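The values are calculated or read from the model by the stated rules, or taken from the named source; none is laboratory data. Just so you know, these numbers come straight off a predicted model, no measurement behind them. Cβ atoms come from the backbone with ideal geometry, glycine included; neighbour counts cover every protein chain shown.
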Amino acid sequence: MANGISFSIEARDGKARCGVLATPRGAIRTPAFMPVGTAGTVKAMLPESVAATGADILLGNTYHLMLRPGAERIARLGGLHRFMNWPKPILTDSGGFQVMSLAELRRLSEEGVTFRSHVDGARHHLSPESSMEIQRLLGSDIVMAFDECPALPASRDTIAASMALSMRWARRSRDAFGDRPGHALFGIQQGGLERDLREESAATLRAIGFDGYAIGGLAVGEGQAAMLEMLDHAPGMLPEDRPRYLMGVGKPDDIVGAVLRGVDMFDCVLPSRSGRTGQALTRRGAVNIKNARHAEDPRPLDPDCTCPACRSYSRAYLHHVFKAGEIIASMLLTWHNLHYYQELMAGLRGAIASEGLANFVAGFEAGRAAGDLEPV
């Protein structure tokens, strides 16, 4: 890879790989999970706390940041890293997905998307060129090409037309990105659940040439079985020597299944959103702290976890503060969830490096099958 960014694969176990994506702002150990910092913050977390969980990189949302506080303002204030006090790498999405899912009165054309903000109704236009400029102003280390992502299920004709448009936008994104030492541009494969369209998309992206490649248009309503079936093929369509990023995924078992199929990078709002809604994600599966069974339980969420929530607080306390609407509930549960995700990624990396991935996955599945601790 060029531009002062390099990717090295250090070990393999089957299709799974572990490696390092090196950037001027620090190394990203892969497989990697990126916590989502939608509006310049991982909700309920200090940046230092996110780093303490083991995260090497965050994701920022172009759509949200362009609307509020604005990319130009962030640039004047020194860029997104300084603005949000996160010195490590940041990946920004292109804004396309949020435009399609959140904005009002959308109008799609070859040029781009015109929409009204969900914040104040103001009219905006987003194109491959403007998305690249906004991400440049934010100063993100990894920039995503501008694309369109239809929700599934959708007709083959709809998926084919959307994929073709995204590939034309990928070329425009590459041209607009230019030569930016120290920054990388990732292309995004589309094609829904149509294998031949995925092949066509991957071939187009390889011909254009990107620093990394994302698998887009999955985890958008098709179900886990269909997603994993496509992931049996999609990662192998992309260049072997570049990082592969599965966008918007996911649940712990989604991540494990995707790593087994050769995916290197992930992001999802699930661990932080679940923390704010009273759900702890553990090696034994999900724990709903709202349930009355926890009201007098002196044990930690997970006796084998070393996060602050598990080291210092009981299920009874977490139940109490969540029911009382106290902010500390979101803080502790989110910290726990992000810690668990980074622990999972570290476990996957270690298992791949030692060629013990099958045993690791068996233990992962056994823990989830065992279920939560029995009530006291």
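Does residue 333 count as in a helix (DSSP H, G or I), of a type in the set (A, V, I, L, M) and either modelled with pLDDT of 95 or more or outside the structural domain of residue 239 (by TED's automatic domain parsing) (or both)? Break it down stepwise before answering.
Values: in a helix (DSSP H, G or I): yes; of a type in the set (A, V, I, L, M): yes; either modelled with pLDDT of 95 or more or outside the structural domain of residue 239 (by TED's automatic domain parsing) (or both): yes.
Judged against the criteria, residue 333 is a match.
Could you please find all residues in region 116-135 being in contact with a Lys or Arg (Cβ under 7 Å, 6 or more places away or on another chain) and surrounded by 14 or more Cβ atoms within 10 Å (Cβ to Cβ)?
116, 128, 129
Is one or more of the residues making up region 325-333 touching a Lys or Arg at 6+ places or on another chain (Cβ under 6 Å) and surrounded by fewer than 22 Cβ atoms within 10 Å (Cβ to Cβ)?
Looking through region 325-333, at least one residue is touching a Lys or Arg at 6+ places or on another chain (Cβ under 6 Å) and surrounded by fewer than 22 Cβ atoms within 10 Å (Cβ to Cβ).
Within region 32-46, does at least one residue satisfy the condition of being surrounded by fewer than 17 Cβ atoms within 10 Å (Cβ to Cβ), assigned to a loop (DSSP other than H, G, I, E, B) and free of Cβ contacts under 8 Å to residues at least 12 places away in the same chain?
yes
Report whether or not residue 338 is of a type in the set (A, V, I, L, M, F, W, C) and part of a helix (DSSP H, G or I). It would help to see each step written out before you state the result.
Numbers: of a type in the set (A, V, I, L, M, F, W, C): yes; part of a helix (DSSP H, G or I): yes.
Considered against the rule, which asks whether it is of a type in the set (A, V, I, L, M, F, W, C) and part of a helix (DSSP H, G or I), residue 338 comes out as yes.
Spot the failing condition for residue 325; the list is (1) of a type outside the set (D, E, K, R); (2) part of a helix (DSSP H, G or I); (3) at positive phi, and only one is missed.
The one condition residue 325 does not meet is (2).
For region 238-249, state whether one or more residues are more than 29 Å from residue 90 (Cβ to Cβ), assigned by TED's automatic domain parsing to the domain that holds residue 43 and either touching a Gly at 6+ places or on another chain (Cβ under 8 Å) or in contact (Cβ under 8 Å) with a residue 12 or more places away in the chain (or both).
No, region 238-249 contains no residue that is more than 29 Å from residue 90 (Cβ to Cβ), assigned by TED's automatic domain parsing to the domain that holds residue 43 and either touching a Gly at 6+ places or on another chain (Cβ under 8 Å) or in contact (Cβ under 8 Å) with a residue 12 or more places away in the chain (or both).
Consider residue 166 against the criteria (1) part of a loop (DSSP other than H, G, I, E, B); (2) crowded, with 20+ Cβ neighbours inside 10 Å: it satisfies all of them except one. Which criterion is unmet?
(1)
Out of all the residues in region 58-74, which are of a type in the set (Lys, Arg) and in contact with a Ser or Thr (Cβ under 9 Å, 6 or more places away or on another chain)? Full working, then the answer.
Just the residues of region 58-74 that are of a type in the set (Lys, Arg), to begin with: 68, 73.
Passing the criteria: only 68.
Let me spell it out: the conditions are (1) in contact (Cβ under 8 Å) with a residue 60 or more places away in the chain; (2) crowded, with 19+ Cβ neighbours inside 10 Å, and residue 113 meets all of them except one. Which number is the exception?
Every condition holds for residue 113 apart from (1).
Go over the candidates 295, 286, 316, 280 one by one and state the one that is surrounded by 22 or more Cβ atoms within 10 Å (Cβ to Cβ) and either of a type in the set (Val, Ile, Thr) or touching a residue at least 12 places away in the same chain (Cβ under 8 Å) (or both). Give the steps one after another, and end with the answer.
Values: 295 fails: surrounded by 22 or more Cβ atoms within 10 Å (Cβ to Cβ); 286 fails: surrounded by 22 or more Cβ atoms within 10 Å (Cβ to Cβ); 316 fails: surrounded by 22 or more Cβ atoms within 10 Å (Cβ to Cβ).
280 is the lone residue from the list that is surrounded by 22 or more Cβ atoms within 10 Å (Cβ to Cβ) and either of a type in the set (Val, Ile, Thr) or touching a residue at least 12 places away in the same chain (Cβ under 8 Å) (or both).
Tell me, please, whether a residue that is at pLDDT below 95, assigned to a loop (DSSP other than H, G, I, E, B) and not β-branched (Val, Ile, Thr) can be found in region 223-236.
Looking for residues that are at pLDDT below 95, assigned to a loop (DSSP other than H, G, I, E, B) and not β-branched (Val, Ile, Thr), one finds at least one in region 223-236, hence yes.
Quick one: in region 212-225, of everything that is surrounded by 16 or more Cβ atoms within 10 Å (Cβ to Cβ) and more than 18 Å from residue 262 (Cβ to Cβ), which residue is farthest from the chain's Cα centre (by Cα)?
222
To keep it simple, each residue is scored yes or no on (1) crowded, with 24+ Cβ neighbours inside 10 Å; (2) more than 29 Å from residue 57 (Cβ to Cβ); (3) hydrophobic (A, V, I, L, M, F, W, C); (4) not assigned by TED's automatic domain parsing to the domain that holds residue 22.
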residue: 145; (1), (2), (3), (4): yes, no, yes, no
residue: 148; (1), (2), (3), (4): no, no, no, no
residue: 152; (1), (2), (3), (4): no, no, yes, no
residue: 156; (1), (2), (3), (4): no, yes, no, no
residue: 183; (1), (2), (3), (4): no, no, no, no
residue: 188; (1), (2), (3), (4): yes, no, yes, no
residue: 193; (1), (2), (3), (4): no, no, yes, no
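Residues in region 185-222 that are part of a helix (DSSP H, G or I) and of a type in the set (Ser, Thr, Tyr): how many?
As a first pass, look at region 185-222 and keep what is part of a helix (DSSP H, G or I): 195-208.
The next check asks that each one be of a type in the set (Ser, Thr, Tyr); those that pass are 201, 204.
Number of matching residues: 2.
For residue 83, are the conditions met, namely being of a type outside the set (Asp, Glu) and surrounded by fewer than 22 Cβ atoms within 10 Å (Cβ to Cβ)?
On the way: of a type outside the set (Asp, Glu): yes; surrounded by fewer than 22 Cβ atoms within 10 Å (Cβ to Cβ): yes.
Yes; evaluated as a whole, the condition is true for this residue.
Pick from region 231-249 the residues that are touching a helix residue (DSSP H, G or I) at 6+ places or on another chain (Cβ under 7 Å) and buried (at least 20 other Cβ atoms within 10 Å of the Cβ): which of them is nearest to residue 53 (Cα to Cα)? Outline the logic, then answer.
First pass over region 231-249, keeping only residues touching a helix residue (DSSP H, G or I) at 6+ places or on another chain (Cβ under 7 Å): 231, 233-234, 237-239, 244, 246, 249.
If we keep only those that are buried (at least 20 other Cβ atoms within 10 Å of the Cβ) as well, we get 231, 234, 237-238, 244, 246, 249.
Working: 231: 28, 234: 30, 237: 33, 238: 30, 244: 23, 246: 21, 249: 19 Å.
Once the filter is applied, the top-ranked residue is 249.
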